[in-house]
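The next block holds one structure in the form of structure tokens; read it before the comments.
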């Protein structure tokens, strides 16, 4: 009978014991997140952005020759798209007036346009000048940079 009492006592002891709260391991969750990340990186397809094809000159010493043709210098010191200054062969010109000037110059055998833009100029301004030249019938467009001092 005494054995029966000891068994009850041991059962009571196990019931009274406090249970520790379960712990959640973060390692498997992190593994799953990294596996999903790798899966999405591998399965993602990238579409190339449309752009403008530019034929770059071969590497070598820069040419010191004066360019032949029309030169458009674009200056934008303030960084504001509306306040940029454009010079066509040294004369200040607006984008609206540039079409007529380029169209007339095309007839004078100067059918190459060289665009020289400062670093701060937005690409939108350069593309607008290129579109205006294309509309005026000038199909040869080059780019020039100012020599560093």
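The values are calculated or read from the model by the stated rules, or taken from the named source; none is laboratory data. Since the model is a prediction, treat every value here as computed from it, not as a measurement. Cβ sites come from the backbone with ideal geometry, for glycine too, and all protein chains shown count toward neighbours.
Residues in segment 102-137 that are in contact with a strand residue (DSSP E or B) (Cβ under 6 Å, 6 or more places away or on another chain), assigned to a helix (DSSP H, G or I) and under 17 Å from residue 68 (Cα atoms): 105, 133. Could you list, in sequence order, the residues of segment 87-97 that are closer than 10 Å to residue 70 by Cβ and in contact with a helix residue (DSSP H, G or I) (Cβ under 7 Å, 6 or more places away or on another chain)? Within segment 87-97, 88 is the sole residue that qualifies. Screening residue 3 against (1) over 30 Å from the mean Cα position of the chain (by Cα); (2) more than 30 Å from residue 131 (Cα to Cα); (3) modelled with pLDDT of 70 or more leaves a single unmet condition, (3).
Only one of 80, 76 is modelled with pLDDT under 80, within 18 Å of residue 121 (Cβ to Cβ) and out of contact with any strand residue (DSSP E or B) (no Cβ under 9 Å at 6 or more places or on another chain); which?
Just one listed residue meets the conditions, 80.
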